[in-house]
Structures are given as C-alpha cells and as structure tokens.
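The values are calculated or read from the model by the stated rules, or taken from the named source; none is laboratory data. Nothing here was measured: the structure is a model prediction, and the numbers come from that model. Reconstructed Cβ throughout: ideal geometry from the backbone, glycine too, with neighbour counts over all protein chains shown. Remember, those area values only see protein heavy atoms, side chains included, never the ligands or the DNA or RNA. Shrake-Rupley method; radii C 1.70, N 1.55, O 1.52, S 1.80 Å.
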Amino acid sequence: MVKHQPLQVYERQLCLSCITGIYGCRWKRYQRSHDDTTKWELLWSLILLFTFCLLLVWFYFWSEAHNDYNEFNRFLYNRSGQWSDGTVPILATTAAGFTYIAFLMVLALCHVALGQQLNLHWLHKMGVTAALLTTTVAVISVNQTWGQEWDVIPISLQATGPFLHVGALAAVTALSWIVAGQVARSEKTMFQVVVVLLYLSVLLGLYLVPMYITSPCIMDPTTLKQRPDVIGHQGAPMLAPENTLWSFQRALQMNVTGLEADVTISEDGVPFLMHDHTLRRTTDIEKVFPDRQTVDASFFNWTDLQQLNAGQWFLKEDPFWTVHTLSPREKTLIANQSVCSLEQLLKLASYHNSTVVFRLRRPPPKHPCYHSWINDTLQAVQQSGVPQSLVMWTPDEHRDQVRQLAPGLIQTSVEKQSPQSLQQYGISRLLLRYNQASTQEIGNFSESSIKLTLYTINEPWLYSVLWCSGVSSVSSEASHVLKKVPYPIWLMRPNEYCLMWVSVDLISFAVVVGIFIFQKYRMSGMRSYNPEQIMLSAAVRRSSRDLNVMKEKLIFSEVGNGAGSADELYSDNGYDYYTNQGISQ
C-alpha cells in the first residue's frame, strides 16, 4: 500500500482577499504574488500618490473658501445670467473623488505592509486618470478666473497650521510601521539605507516645521486688542434680501456697529441701493418690465424702481439655504420688500447711531447724471439729516470738493496705500479685501491713526485671525454668525505652543524608534515567510505555473481512500512525484 503525506491545510484570509480583490481584482490566492512590483505599476502608484496630494490641496482649498461662496456664485451669475449655487456640485464631486482616491491609497499601503505586489486594476487606473485630469482642469480654471482666492490657503494656515502639523506628524509616525516592515523584510542593504534616509528626512522636516509656522493667535492673551467692530455688508443678506431695509434692520438686531451698501444713481438722480448692473437677479423685473431685463439699473427712474419687488427672489432662490429658518412673519416681511434708496438707509442708520459706508458706482457715460453723480449723492446725504460723522465717504473723485461741502464726513479709501500716504491726503479710514493686508500691515495700521476695515469676513476662524492681528473692524454678510464669537476660537501663549511642539516631537520620535525595533525583532527569521504559500511535501520543486494549477485543485487524501487522492492531483498535471517518506509496502 502506498502512503502519502497529506498536503498542508490552507487557511483562508478574508481580509487579504478583500484588499487584493478590491485593489487589483485578485480574489483568488493563486493570483496573488510576493514578487517585486513592476516598474509600470510603480509608475501608477506614483500617479495615485500625486493625485491624492492634488485632491487633498483642492479639498482643503474649497473647505476654507467657504467664506467666499457667495462671491463665487455671483461670479457664475455674471457669466451665465442664471443664479445657482455652483459650490454644491463642486463640493460633491470633490468629496467623492477625494474619498475614492484616499481609499485606493489606503489599499495600496495595505499591500505594501503585507508584502503584496501592487497591481492596480485597469478600472481603477481609469478612475485615477479621470480624477487627475478633472482636478487639474479645475485648478487651472480657478487660477484663471478666481486667482485671488488662492490667498485663502496661506491665511487659513495661520489658523490651522499648528493643528495640521500635529495631524501630519501623527500620519507620518503611523507610516513608520510600514517603513520599518519594508526595511526589516528587505535583504538589500542599499534599499534599506535609501528608505530609512528618505523617511527620516521627511520626519525631521516635520519636526522643524513649527519654526516656520507663524500665527497671530500665538500670543500673550493680555496683549489681545478689543473685539473688532462688525459692519453689516448689504445688511444681513443671509437672513434677508440684500440691500433692503429689512436686511439692514436684521443686521442691527445682530449688534453691528455699521452698515455697508452698494449705491447706484437712478435716471432722475436718486441714489438707490443695488449691487448688480441689472435688476434681473434681485427684483421681479421680468414680470413688471419684461422688455427691460437687460437694461442697466441706473437707466430706471425712481418711480419705476418703486414698482419692483426686491424680496420674493430671496424666498424663491434661497441663496444661503436659510429660508427654512425664517418665521412666517419674517417671510411675509421679506415678500413685500422694495428697492431701498440711500436716503432711507441713512435715516435708519441715524436713528440707531450706526456708521454707514457705501460703494458708489458711477453711471454709464450716456446717463443724465454722469457728471453730477458726486453732487447728487452728497445732496442725498445732506437731506437725510444723518450726522456727517457717521458716514464713511469712499469715492476718490472730487474728494477736495466734498471736504469743503461736508467737512464732517469720514474720508475713506478703497485703494491700498501706506498709513503715511493716507494721512498726507487727509484720509482716516481704509477699506480693503481681507487678502490685501498681511498680518504685519494690519499691525502697522493698528499702531497708526488709520483705522482698517477688511471685507468680507463670514467665517469665525477668519474673524479670529484678524482679531488676533489687531484689525479694527470687519465687514460681514454673516453678522449673526460672528455675533456668537465673543473671543478668538483659539489663543495660545508662545511658551505653551513650544511645549506642545517639543512634546509631540519627542513622543513621535520615541514611537518611531520603538516601531523600528519591534519590526526588526518581529521580522527576524521571517523574511522568506509567505502567508499565501502552500507547502507541498514533494521532494522536487515544480514550476510556479504548475503550482498555481495545483492550488486550485487541492485535495486531501487519506490512507486507503481510493477517491480524491493526491495521485489524481499530480497525474492531472502530467508528472509523477515522490513523497518525503518514499514508498512503503
């Protein structure tokens, strides 16, 4: 009787099957390999890594650009003529793409940790290529059309930098498990040296990054200046239709210290509040004057403007997704809003003793008030009875003449200049977009007699950074949000930050050293171990192709069992074999 030694029992590994199956469609154990990854697949791994980094930056950009979503939507409206929230599809596709690419990155790292060959499936390669191309096109498009928004990244890093550093250090420290495993598993000294040096270089760079992280909120709390005043930009446009009386009343309910509006002059010389060049977006002109929808707003007389409804569009479009938070009374008030004149705004501000700043747009050349626009606006200010000390005058044209007629107005510039130049021209206020003034420049203005106002500040993190920087006031569309920020979101003493930085670095270094030692001890004597290898008790080694076939036909035999013996397994493959025990009678 011939006695055969049983083959080794194969233990199923569900987790490994899922990892290799999802990543490269290698669901069967005979499809897996511990061979070195090919150069072609290494190239795809680098492409995957680059796509992940690009999407990470793109995702961070849009998460921090939330402050300016309304600005972006207005830009889209000016190009298409239709109002829509263009950020929704961008955020949805960005989140989906980033999640997909990040999932593939995790699977790739699992392959490396388990010693499996990287073999990205062609469907995933198509997905990675699509994500890379679309993100690249999107980045180029934003750079060409909304390039100034990239400034939000370095500004936001002033608020998130210390915490991003801790997160990045934790991620790189966790990667030491994979790096140490590869070094311990490899038998090539050159490979070990290169990997260790590369990893330590990245780790050392992260250890030293805090030396270059600057944040105005890393300061002594006793030197924190008073809370910046909040000016309601177009009133409270997130709670009511922009540039309407109800919008400004809502802003005053949020304890703003000033009101900001956009002013245009009508055909009969009445300054009124309107941001756009046309009336299509914020009025019902398509119903009242359907043949004049594309006409410049300044070519309407005040009587015609009073016939338009300036609130129903807000309830219909819901530009800030806030209509559901309004009470029935508020919706009724909004539905009956009309175009507001500058004089009405000034009277409201005078009653509440609030500052008013307005952007005055000069009418087109063929307009009847093309030459008298400054005088018409100044006359409206004087007729309203508002104290001149509450009005911030921004137009540069005929500024000397305005000083003579109304010397009490607060002369304000919207062009960036040094404090010395502004003082030379008798200007006491400066109004700039928040990306036009650095932290150092804000500090210089706070030390001078020039008061700096930055717009448009809607996010608490940005408000906190500017507060720590020492800005005197901000213009905001979200006064109801900033009202809930009585103190900077985070404030840290320099010595506290230094202690946190050094402690995190030391903990990270200790963990990395411990992981390398543990992996070396764990991998000693196991370099050639293959969890997927099936040890056949044959004296002669077979080719890898034959072994792959045998893996699919594993049958265990028992002594005296005539069916399903190991003989059938080998005879099907056309060769004989000898067991270690030989042939016994």
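For region 304-384, compute Rh as the Kirkwood radius over C-alpha pairs and then the Stokes-Einstein diffusion coefficient at 25 °C and 0.890 mPa s; write the answer in µm²/s, rounded to an integer. Here the translational diffusion coefficient equals 160 µm²/s. Note on region 361-395 and region 273-334: Cα centroid distance 23 Å, given to the nearest whole angstrom. Calculated over region 124-248, the projected area of the Cα convex hull averaged across directions stands at 14.6 nm². Once the Cα atoms are used to define both axes, helix 189-208 deviates from the longest principal axis of the chain by about 20 degrees.
For the chain, the relative contact order is 18 percent, taking Cα pairs closer than 8 Å that sit 6 or more residues apart in sequence and dividing their mean separation by the residue count. Taken over region 103-173, the convex hull of the Cα atoms encloses 99 Å³ per residue.
Taken along the Cα-to-beta-carbon direction at a fixed 7 Å, the label points for ALA510 and ARG227 span 4.1 nm. Rolling a 1.4 Å probe across all protein chains gives MET126 an accessible area of roughly 110 Å². Over the chain, accessible surface divided per residue gives 51 Å², non-protein components excluded, 1.4 Å probe. With a Förster radius of 51 Å applied to the beta-carbon distance between MET211 and LYS366, the computed FRET efficiency rounds to 0.30. Relative to its residue count, the chain spans a Cα convex hull of 220 Å³ per residue.
Extent of region 68-199 along its three principal axes (Cα atoms, max minus min coordinate, largest first): 65, 39, 20 Å. Scattering from region 290-438 was approximated by placing one identical point on each alpha carbon and applying the Debye formula without solvent; log10 I(q)/I(0) at 0.09, 0.14 1/Å stands at -0.40, -0.92. With pairing defined as another cysteine C-beta under 4.7 Å, the cysteines of the chain that fail it are CYS15, CYS18, CYS25, CYS53, CYS110, CYS340, CYS369, CYS498. Helix 152-185 and the long axis of the chain differ in direction by around 0°, with both axes built from C-alpha atoms. What FRET efficiency, computed as 1/(1 + (r/R0)^6) with R0 = 25 Å and r the Cβ-Cβ distance, is obtained for SER201 and ALA102, rounded to the nearest 0.05? Between SER201 and ALA102 the formula returns 0.55.
Computed on protein heavy atoms with a 1.4 Å probe, the accessible areas place LEU14, LEU422, LEU333 in the order LEU14, LEU333, LEU422, largest first. Label-to-label distance for GLN401 and ASN255 is 4.3 nm, based on points extended 7 Å past Cα in the beta-carbon direction. The fraction of accessible area contributed by carbon and sulfur in the chain is 59 percent, rounded to a whole number (1.4 Å probe; ligands and nucleic acids excluded).
Averaging over every viewing direction, what projected area does the convex hull of the Cα atoms of region 1-129 cover, in nm²? Before the final figure, lay out each step's value.
Working: hull surface 46.8 nm².
Computed as one quarter of the Cα hull surface, the answer is 11.7 nm².
If R0 is 25 Å, the Cβ-Cβ spacing of SER389 and LYS416 corresponds to a FRET efficiency of close to 0.50. Exposed loop sites, defined as GluC sites (Glu not before Pro) outside DSSP H, G, I, E and B with at most 13 other Cβ atoms within 10 Å, are absent from the longest region of the chain, namely 188-396.
With a 1.4 Å probe rolled over the protein heavy atoms of all chains, the accessible area of LEU49, LEU432 falls in the order LEU49, LEU432, largest first. Label separation (ARG493 vs THR136): 5.1 nm, computed from points 7 Å beyond Cα along the C-beta direction. Note the angle between two axes, namely the Cα long axis of helix 69-80 and the longest principal axis of the Cα atoms of the chain, as a number of degrees from 0 to 90, rounded to the nearest 10. Taking Cα atoms only, the helix is inclined about 80 degrees. Net charge in the neighbourhood of PRO488 (other residues with Cβ under 14 Å of its Cβ; Lys, Arg +1, Asp, Glu -1) is +2.
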